[in-house]
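See below for the structure under consideration.
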Amino acid sequence: MQVRVRYAPSPTGLQHIGGIRTALFNYFFARSQKGSFILRIEDTDQERYSPEALDDLYATLKWLGIEYDEGPIKGGPFGPYVQSERFDIYEKYAKKLVEDGKAYYCYCSPERLEKVRKEQQEAKSQYQGYDRHCRNLSSEERLAYEEQGIRPVIRLKVPTEGKTSFEDILMGRITRRNSDVSPDPVLLKSDGFPTYHLANVIDDHMMEITHIMRAQEWIPSGPLHILLYEAFGWESPKYCHLPMVMGKDGQKLSKRHGSTAVAEFRKEGYLPEALLNYVSLVGWSYDGTREFFTKEELEELFSLEKINKAPGVFDYKKLDWFNGQYIRMKSDEELLDLLMPYLAETGWPLSDRGKLLHLTAVAKERLKVLSDITGLARFLFEEPAWKDLSIFAAKGVELPAAHTALERAYAILRGGLEANKEQSMIEEELAQSAKDLGVKVNGVFQPLRVAITGSTVSLPLFDSIELLGFEHTMNRIQDALNVLKKGIE
Ligand code: GLU
Ligand code: ZN
């Protein structure tokens, strides 16, 4: 049997980590089984439909390099299936269910349904939901409604007794009492639009989907879908509901934990290969130790058996670590190309590629995300403002002492660089001056770093000096000394 799986997002919001993980697991499973990965846009909910969400979906899949296999799109052989282009199919099948006695027309007005709901609430009735009023209408009653011009919805006849169960590859057998399944849910709305359940089941059948891999939050829909397959007389695909993605606090991953939209990770400068690698490990592992996988490797190695039953934890720190690793795997040339858009946003003059390559080589070790480059490179393009003088003073050091330390450092640096001394020699002299002044090493290095780069977080000192140039560095330290002096007076 050829494996056929699908990713079936509803374009109502941005693609987030959980959704993308579902897409990746489906994609890798299909590839590892030499099967097909199908993209299906479930846009039956017109009220929540958003064109931006659809753009974001395509952009995200493209960025991650996930290619889908088939689908009739206008103007090309490849493209997703789009449910809103298939409404006539759903209508036809819903009507067939009515003919077969598995579903029925319901003419109830929204007002009547609301009244029923209120009454159930007031009576604190166990029974919630539609009261199946239209389930056994006589043909005369139906005709009377039709003559009033009421356009009916189609509802599924859910058995009132018995149980429905299905096998989940990960969770085992899942069984629900039919009385707990939503009483006769709407399949087709009065405007001819299908509901999620109807379109989802028909499409999975027609597209010959073999395995449904989707988020665990869809488990409650499972029994209803099974009842639908039974009503149609179709065999259901296999189910594999994926454990949730949690934050480190054990709560479902949400905005509260940080950004969850893939677009935001992309904007911040996470590399697609890092995100893809890390997200694949959230709830899946190969042998429990190996962590690095290319997309091509995952296309070979992925297997359902190794999906964890326990919820997957999404650790932002770990993603940062992966991203740093992948950044360091880039050549300077490649990395600079990736950094350019971030640098270009600043408006800095960027014509000296040699200098930028030097910057890239030096910054490479310190980048967690690509956007970090602007903070690290600012000192090269803008004179520091030193608005907050306290950053000159290392812990436990007063500002006047910081000024003295910087004066000493200036002299040592100028003397050392002019005499072409080894970097380690100059560093030793700087360390010695700290001893003489009775401060820790940082009592000298920090004001120096702040003077040269304007920040306590920077590229390594001597690399910064080299990038900035000797004269420029010296002038800048002089400026810093003046600013400090004024501040102390
Ligand atoms: N359209 C549903 C969603 O947005 C698909 C659920 C499923 O995969 O069956 O998640
Ligand atoms: Zn009704």
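For the reader, a short list of remarks on this structure follows.
- Computed on segment 273-321, the Cα convex hull volume stands at 73 Å³ per residue.
- A cut-off of 5 Å between modelled amide H atoms, ignoring neighbours fewer than 5 places along the same chain, links I41 with Y81, V82, Q83.
- Alpha-carbon centroid distance for the pair segment 1-54 / segment 324-393, whole angstrom: 36 Å
- Per-bin percent of Cα-Cα distances, segment 229-296 [10 Å]: 15, 33, 30, 14, 7
- Proximal lysines relative to K115, as straight alpha-carbon distance under 19 Å, when same-chain residues fewer than 8 apart are discounted: K124
- For segment 375-471, the relative contact order works out to 39 percent when only alpha carbon pairs closer than 8 Å and six or more residues apart are counted.
- Cys with no candidate disulfide partner in the chain (beta-carbon separation under 4.7 Å rule): C108, C240
- Mean accessible surface per residue for segment 322-438, computed with a 1.4 Å probe while every protein chain stays in place, in Å²: 53 Å²
- Cα shape, segment 425-489, gyration tensor, a/c 1.5 rule: oblate
- Given charges at beta-carbon only (K, R positive; D, E negative), |dipole| of segment 194-330 in Debye: 720 debye
- Cα point-scatterer Debye curve for the chain, base-10 log of I(q)/I(0) at q = 0.10, 0.12 Å⁻¹: -0.86, -1.08
- For L253, nonlocal amide neighbours, meaning residues 5 or more places apart or on other chains whose placed amide H falls under 5 Å from its own, are V245, M246, G247.
- Computed on protein heavy atoms with a 1.4 Å probe, the accessible areas place F470, F462, F265 in the order F470, F462, F265, largest first.
- Every helix of 4 or more DSSP H residues in the chain counts as -39500 (n - 2.57), and over all residues that averages to -14500 deg cm²/dmol at 222 nm.
- Surface analysis of segment 1-106 yields an accessible area of 45 Å² per residue, using protein heavy atoms and a 1.4 Å probe.
- Carbon plus sulfur fraction of accessible area for the chain, probe 1.4 Å, in percent: 50 percent
- Range of Cα positions in segment 135-232 per principal axis (Å), largest first: 51, 30, 21
- Relative contact order of the chain, defined on C-alpha pairs under 8 angstrom at six or more residues apart (%): 12 percent
- Backbone amide hydrogens, once placed in the peptide plane, bring K238 within less than 5 Å of H211, I212, excluding anything fewer than 5 places away on its chain.
- Taken about its Cα centre, the chain carries a charge dipole of about 1180 debye when Lys and Arg each add +1 at the Cβ and Asp and Glu each add -1 at the Cβ.
- Estimated FRET transfer efficiency (Q120, E85; beta-carbon r; R0 51 Å; 0.05): 0.85
- Looking at segment 131-268 alone, DSSP beta bridges between its own residues are antiparallel in about 60 percent of cases.
- From most to least packed by mean Cβ count within 10 Å, the peptides 44-57, 367-380 give 367-380, 44-57.
The values are calculated or read from the model by the stated rules, or taken from the named source; none is laboratory data. On a predicted model such as this, the values are computed, not experimentally measured, just so you know. Every residue, glycine among them, receives a Cβ derived from its backbone with ideal geometry; neighbour counts consider all protein chains shown. We work out accessible area using only protein heavy atoms, side chains counted, and drop any ligands, DNA or RNA first. Shrake-Rupley method; radii C 1.70, N 1.55, O 1.52, S 1.80 Å.
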